[in-house]
Number of protein chains: 2
Amino acid sequence: MSFHQPNQRTEHMSFRQYKATHVLKGLATTPYDLTKEGNLSHERIERYSAQAGDFKLLFGTERINDDVLYALKELAQEAHLLEKMEAMQRGDVINKIDRYPCENRTVLHTAMRDLFLHENKGKNAQNATSKARKECDKLKDFLLRVDGKKGQFDHLIQVGIGGSDLGPRALYMALKAYQLPNRSIHFISNVDPDDAAAVLKNLNLSRTLVVVVSKSGSTLETLTNEEFVRAKFKAAGLDSNKHLIAVTGQGSPMDNRERYLESFYIWDFIGGRYSATSMVGAVMLSFALGFDQYVNILKGAHEMDHIALEKDLHRNLPLISAMIGIWNRNFLHYPTVAILPYSQALIRFPAHLQQCDMESNGKRVDKLGNPVDFDTGPIIWGEPGTNGQHSFYQCIHQGTNVVPIEFIGFRESQYNEDYIIKGTYSQEKLLSNLFAQSIGLAKGQKSDNPNKVFPGNRPNRILLGKKLDPFTMGSLLAYYEHKIAFQGFCWNINSFDQEGVQLGKILANRIIDRFAAHRQGKRGEKFPEAEAMLRHLESL
Amino acid sequence: MSFHQPNQRTEHMSFRQYKATHVLKGLATTPYDLTKEGNLSHERIERYSAQAGDFKLLFGTERINDDVLYALKELAQEAHLLEKMEAMQRGDVINKIDRYPCENRTVLHTAMRDLFLHENKGKNAQNATSKARKECDKLKDFLLRVDGKKGQFDHLIQVGIGGSDLGPRALYMALKAYQLPNRSIHFISNVDPDDAAAVLKNLNLSRTLVVVVSKSGSTLETLTNEEFVRAKFKAAGLDSNKHLIAVTGQGSPMDNRERYLESFYIWDFIGGRYSATSMVGAVMLSFALGFDQYVNILKGAHEMDHIALEKDLHRNLPLISAMIGIWNRNFLHYPTVAILPYSQALIRFPAHLQQCDMESNGKRVDKLGNPVDFDTGPIIWGEPGTNGQHSFYQCIHQGTNVVPIEFIGFRESQYNEDYIIKGTYSQEKLLSNLFAQSIGLAKGQKSDNPNKVFPGNRPNRILLGKKLDPFTMGSLLAYYEHKIAFQGFCWNINSFDQEGVQLGKILANRIIDRFAAHRQGKRGEKFPEAEAMLRHLESL
């Protein structure tokens, strides 16, 4: 038997067939008891930690022990997770389902930021990077041109939805502290006409740039909102062609220099939910923060891309986080994961991760097209702490469903503006609360009053960084991208397509036709369930 | 046996002991199959609907049939849900756990808006309403005073957390289309110093009012942020006492007219998460929208309070929604609920409902103090559509966990600004997508390509309104408050306390002390797990 054949076979093994899966199933019958006196010790918190780049991951408050960690490491090896990460980063065709029509593409968001220390040797990766470099150069020139001495524009509207909105918006909000003076950024995403109307109200359009983002150049919401915006420019006596910028696929219907000030390109090897570091986020972020800060985001992401290739589990932060997530999901059987950043600036980061994780791993067939017989991607949700503590933490402490938690915290604040109030800085109060929740959820509390009993054993881990700046934010983004990819690799599903969004689009187009028909007084039974809903609507 | 005794007993029956519970358990073995050809018919959508006030609830896309509906109605009767709602609204002491120390309070948020058609006859309710009326009058006078001809203030910052933030903020964002000219509203909630720093940057404090909201007058985050804000006023050479307004309990440490321009009162019979229609939301909302629009919110809420007392299940929208939720939670065993409003203005409404629902019903003991042996409140999450369609809908269509969905939609847009683009208005496209998702999730899709198979049978319902305005928003808020209360009544848990937040507070205070000690160079082993976390932090 050649070396290649067994490898081929294991690559297509189902998650349930791995040896480590059986070991872990056994271990899950008696998970580590964090509530037992002495079990959550100083030493445990010290030891169950990992460091890489500017981050530390503390996972002593997870329900694991050395046996579980060892088996998770075995599982990572059996499932060839590092090899698959290498294959992704060098540009193998991994976005596919064998034997069935599929996208059949490479997955190269990492190539968008492979401009620094650790150049990938893969030919596809290098081709992608040279394309990315070209767009970066074009962007730099463009910014100098529009932003010259005159300072022609101070507003920018990003028009896009899904990956063209959530990732870029999360990054922008995370880094608003670093915004250039006299810059104001707005977003239009929803086809709800009130989204565009609210943004465009009172905006000085003569000083406004609009970045329209759609890879295909055919996204319903985005094209509709583009026309909405163009109508507003026209009403203000302005030529929209002089204000709109296209970010789209080369040769798409939007790649038309007569209608846009400039076109920036993305390619089919950049998935929407992995596109924030491509031109999809670059134009807006560079305008808001300056081109150099955008480059810092890329540098941070690039560093984490490299960490994701690290063979030592204790230095590969996204891998260790992915494997603990697999333990919680497939062996302790928890259906959701809460992402709780103790940083108000990360307010929209959970919404980005909802897309990145749930659209990647919310799948029901494996890469051979077989329905899976185990759980794939969990439901992702979350809000910043300490706010959440005054909201849903009651439920995560004392509710009947256990919620695994991924906390995120930073040693320093962004604005460097803080006061000692009653003996401590606000930043210290913030971090005290983070640590308190982590310990409290794990240890629980006994009481004679049943309403004051906290069952504990609520697993959680903390990702700690020094300060949320552009570099760190790039790393944080890539940390989650790779955590998600590793989990998809482990389940042997295709994390890079999204067939599950198609049915809704098809049905919506049929109903749109019914609306148009109704407005013209035409009834019909072409889509009876939808007609019934329309009648309910009209009776209001 | 008197009439009273059996009633007393059943009031304390456990959820699992009801006859209807057993019937429903049986019915849940073969839930209605929405994917079967012809099963999701025009007639079903027509018939499985309910109307009250300005709303329609469509629930033909739930996995129910007449037998299930009948049994749910029986369950509502056995569990005395209407009697319990009456008891709440008239002011019985229902916030309690028998035999254990507890808050022992009435629950009278409905009395805050009982100023209109259907006056409650309960003595406690009437007392509460007369207090509310007094505060409303005070607010009206106050607004005339500060807002006179001079127009002294155009910015307002709401400082509060949890219920003092989420509900008011959700209402404000929902109704921003109705904002008065030259009004600008900001929020500071998180103890993260960057939250305050970001808001206060570039704000003209001389024209800024600050509403500080804390019922106890002792909330860590809020008092800290108040001092933060006061420091900024001082640095700007302004007297903060002339800009700050207190919303607090009478006699609390914050009830001090020397330090505040005015004090508005709340009482211990208003839970934080049910306080948006009290002075907690009133001051900010009246400043932003005008006092009359605040009154319209109250009118809408009051109408829904009255609907929640309706004996006919098909007219009691919150009750029917609550019972279908119980079916999904306790009989079909789904751990989460997604709230998906097809209205960008409702972007923060799911975050409010996260608190309102999960803090109310994320409980593990019943009202006798016995640990429950069934599931209580689910995990609540959600984002507006159509945005979510380009994010997590992949997972809700094809993921391995089923997510029950509560859609919300409106016939008309808020700004009345819409264009026909490719044959239809944006509002029509929005609603087409809403209906398409509801039908697609229910019916699913067959395919020879396993990756294009949609299993369907993903239960969902749609709440439809005419237009999101202050009145409707008040109704929508109360609809959810009562849905949540009904579910708590059915599970016989106390939905009005929050013991689960206490442990974190105690531990955080201990760690805050360690931070202060570290800063002074003092180490110690007083809280070894926390010390280990601090050392990790310091090593970054």
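The values are calculated or read from the model by the stated rules, or taken from the named source; none is laboratory data. Predicted model only: the values in this text are computed from it and were never measured. Please note: Cβ atoms are built from the backbone with ideal geometry, for glycine as well, and neighbour counts cover all protein chains shown.
Find the residue count for segment B:519-532, including only residues that are at the interface with chain A (Cβ under 9 Å from one of its Cβ atoms) and touching a Lys or Arg at 6+ places or on another chain (Cβ under 9 Å). Break it down into steps so the answer makes sense when it comes.
Kept after step one, since they are at the interface with chain A (Cβ under 9 Å from one of its Cβ atoms), are these residues of segment B:519-532: B:519, B:525, B:527-532.
If we keep only those that are touching a Lys or Arg at 6+ places or on another chain (Cβ under 9 Å) too, we end up with B:527, B:529-532.
Residues in segment B:519-532 being at the interface with chain A (Cβ under 9 Å from one of its Cβ atoms) and touching a Lys or Arg at 6+ places or on another chain (Cβ under 9 Å): 5 in total.
Here's a check for you: in segment B:318-358, which residue that is part of a strand (DSSP E or B) and of a type in the set (A, V, I, L, M) is nearest to the other protein chains (Cβ to nearest Cβ)? Walk me through it before giving the result.
Residues of segment B:318-358 part of a strand (DSSP E or B): B:336-341.
Narrowing further to those that are of a type in the set (A, V, I, L, M): B:337-340.
Numbers: B:VAL337: 11, B:ALA338: 8, B:ILE339: 11, B:LEU340: 12 Å.
The qualifying residue nearest to the other protein chains (Cβ to nearest Cβ) is B:ALA338.
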Task: Restricting segment B:432-442 to residues that are of a type in the set (A, V, I, L, M) and more than 7 Å from chain A (Cβ to nearest Cβ), the residue that is surrounded by the fewest Cβ atoms within 10 Å (Cβ to Cβ) - done: B:ALA442
TODO: Return yes when A:PHE496 is under 25 Å from B:ASN449 (Cα atoms), hydrophobic (A, V, I, L, M, F, W, C) and away from every other protein chain (no Cβ under 11 Å) and no when it is not.
DONE: yes
Open item on the list: Give me the strands (runs of 3 or more DSSP E) completely within segment A:17-133, filtered to those with at least 3 residues that are in contact (Cβ under 8 Å) with a residue 60 or more places away in the chain and among the aliphatic types (A, V, I, L, M), ordered by residue number.
Closed with: none
Task: Filter result (assigned to a helix (DSSP H, G or I) and either away from chain A (no Cβ under 11 Å) or at positive phi (or both)) within segment B:199-233 - done: B:LEU205, B:SER206, B:ARG207, B:PHE233
TODO: Select from segment A:381-408 the residues that are closer than 16 Å to A:GLY456 by Cα and β-branched (Val, Ile, Thr) and list them in ascending order.
DONE: A:ILE396, A:THR400, A:VAL402, A:VAL403, A:ILE405
Open item on the list: Quick check on segment B:283-332: of everything there that is out of contact with any Pro (no Cβ under 9 Å at 6 or more places or on another chain) and of a type in the set (Gly, Ala, Ser), which residue is nearest to B:THR208 (Cα to Cα)?
Closed with: B:ALA288
Open item on the list: Exactly one of these conditions fails for A:GLU417: (1) more than 22 Å from B:VAL199 (Cα to Cα); (2) part of a loop (DSSP other than H, G, I, E, B); (3) at the interface with chain B (Cβ under 7 Å from one of its Cβ atoms). Give me its number.
Closed with: (1)
Open item on the list: Looking at (1) within 30 Å of A:ASN370 (Cβ to Cβ); (2) under 25 Å from the mean Cα position of the chain (by Cα); (3) more than 7 Å from chain A (Cβ to nearest Cβ), which one does B:ILE408 not meet, given that it meets all the others?
Closed with: (1)
Open item on the list: Let me spell it out: the conditions are (1) part of a loop (DSSP other than H, G, I, E, B); (2) touching a residue at least 40 places away in the same chain (Cβ under 8 Å), and B:VAL283 meets all of them except one. Which number is the exception?
Closed with: (1)
Open item on the list: Can you confirm whether B:ILE484 is away from chain A (no Cβ under 11 Å) and crowded, with 19+ Cβ neighbours inside 10 Å?
Closed with: yes
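To keep it simple, each residue is scored yes or no on (1) crowded, with 24+ Cβ neighbours inside 10 Å; (2) more than 30 Å from A:LEU430 (Cα to Cα); (3) among the aromatic types (Phe, Trp, Tyr).
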residue: A:ASP255; (1), (2), (3): no, yes, no
residue: A:TYR265; (1), (2), (3): no, yes, yes
residue: A:ASN296; (1), (2), (3): no, no, no
residue: A:LYS311; (1), (2), (3): no, yes, no
residue: A:ASN330; (1), (2), (3): no, yes, no
residue: A:PRO335; (1), (2), (3): no, no, no
residue: A:PHE349; (1), (2), (3): yes, no, yes
Task: Hey, B:ILE157 more than 20 Å from A:LEU340 (Cα to Cα), surrounded by 20 or more Cβ atoms within 10 Å (Cβ to Cβ) and of a type in the set (A, V, I, L, M, F, W, C) or not - done: yes
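For every residue, the table says whether it meets (1) of a type in the set (D, E, K, R); (2) surrounded by 20 or more Cβ atoms within 10 Å (Cβ to Cβ); (3) under 23 Å from B:SER475 (Cα atoms).
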| residue | (1), (2), (3) |
| --- | --- |
| B:THR29 | no, no, no |
| B:ARG47 | yes, no, no |
| B:PHE59 | no, yes, yes |
| B:ALA71 | no, yes, no |
Open item on the list: Considering only segment A:167-184, I want to know if a residue exists there that is buried (at least 21 other Cβ atoms within 10 Å of the Cβ), more than 26 Å from B:ASP195 (Cα to Cα) and of a type outside the set (Lys, Arg).
Closed with: no
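Within segment A:22-43, does at least one residue satisfy the condition of being in the same structural domain as A:ILE484 (by TED's automatic domain parsing), among the small types (Gly, Ala, Ser), more than 27 Å from A:ARG364 (Cβ to Cβ) and touching a strand residue (DSSP E or B) at 6+ places or on another chain (Cβ under 7 Å)?
First pass over segment A:22-43, keeping only residues in the same structural domain as A:ILE484 (by TED's automatic domain parsing): A:22-43.
Now narrow it down to the ones that are among the small types (Gly, Ala, Ser): A:26, A:28, A:38, A:41.
If we keep only those that are more than 27 Å from A:ARG364 (Cβ to Cβ) too, we end up with A:38, A:41.
Within this subset, residues satisfying the condition of being touching a strand residue (DSSP E or B) at 6+ places or on another chain (Cβ under 7 Å) are none.
No, because not a single residue in segment A:22-43 is in the same structural domain as A:ILE484 (by TED's automatic domain parsing), among the small types (Gly, Ala, Ser), more than 27 Å from A:ARG364 (Cβ to Cβ) and touching a strand residue (DSSP E or B) at 6+ places or on another chain (Cβ under 7 Å).
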Task: Out of A:LEU476, A:LEU441, A:LEU464, A:LEU503, sole residue that is within 30 Å of A:THR35 (Cβ to Cβ), part of a helix (DSSP H, G or I), among the aliphatic types (A, V, I, L, M) and at pLDDT 95 or above - done: A:LEU441
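Residue-wise test of (1) more than 18 Å from A:SER278 (Cβ to Cβ); (2) modelled with pLDDT of 95 or more.
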site: A:GLY91; (1), (2): no, yes
site: A:CYS102; (1), (2): yes, no
site: A:LEU108; (1), (2): no, yes
site: A:ALA111; (1), (2): no, yes
site: A:ASP114; (1), (2): no, no
site: A:ALA125; (1), (2): no, yes
site: A:LYS134; (1), (2): no, yes
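Residues of segment B:508-518 being small (Gly, Ala, Ser) and facing chain A (nearest Cβ under 8 Å), which ones? So that I can check it myself, show each step before the final result.
Here is the first cut: in segment B:508-518, the residues small (Gly, Ala, Ser) are B:508, B:516-517.
Those that are small (Gly, Ala, Ser) and facing chain A (nearest Cβ under 8 Å): B:ALA508, B:ALA516.
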- [ ] Scan segment B:372-391 and give yes if some residue there is within 8 Å of chain A (Cβ to nearest Cβ), in a loop (DSSP other than H, G, I, E, B), buried (at least 21 other Cβ atoms within 10 Å of the Cβ) and β-branched (Val, Ile, Thr), otherwise no.
- [x] yes
TODO: Provide a single number: the residues in segment B:364-388 that are touching a strand residue (DSSP E or B) at 6+ places or on another chain (Cβ under 9 Å) and farther than 30 Å from B:SER14 by Cα.
DONE: 5
TODO: Among the residues of segment B:445-461, write down those that are at the interface with chain A (Cβ under 8 Å from one of its Cβ atoms) and either over 22 Å from A:GLU531 (Cβ atoms) or out of contact with any helix residue (DSSP H, G or I) (no Cβ under 6 Å at 6 or more places or on another chain) (or both).
DONE: B:ASN449, B:PRO450, B:ASN451, B:LYS452, B:VAL453, B:PRO455
Open item on the list: Among (1) under 30 Å from B:GLY399 (Cβ atoms); (2) touching a residue at least 40 places away in the same chain (Cβ under 8 Å); (3) within 11 Å of chain B (Cβ to nearest Cβ); (4) not aliphatic (A, V, I, L, M), there is one condition A:HIS536 misses while meeting the rest; what is its number?
Closed with: (2)
Task: Candidates A:GLN427, A:GLN394 - the one that is more than 25 Å from the chain's Cα centre (by Cα), at the interface with another protein chain (Cβ under 9 Å from one of its Cβ atoms), part of a helix (DSSP H, G or I) and within 30 Å of B:ASN330 (Cβ to Cβ) - done: A:GLN394
- [ ] Can you confirm whether segment A:237-251 contains a residue that is surrounded by fewer than 17 Cβ atoms within 10 Å (Cβ to Cβ), in a loop (DSSP other than H, G, I, E, B) and touching a helix residue (DSSP H, G or I) at 6+ places or on another chain (Cβ under 8 Å)?
- [x] yes
- [ ] Tell me which of these A:LYS505 doesn't satisfy, since it passes every other one: (1) at the interface with chain B (Cβ under 9 Å from one of its Cβ atoms); (2) crowded, with 23+ Cβ neighbours inside 10 Å.
- [x] (2)
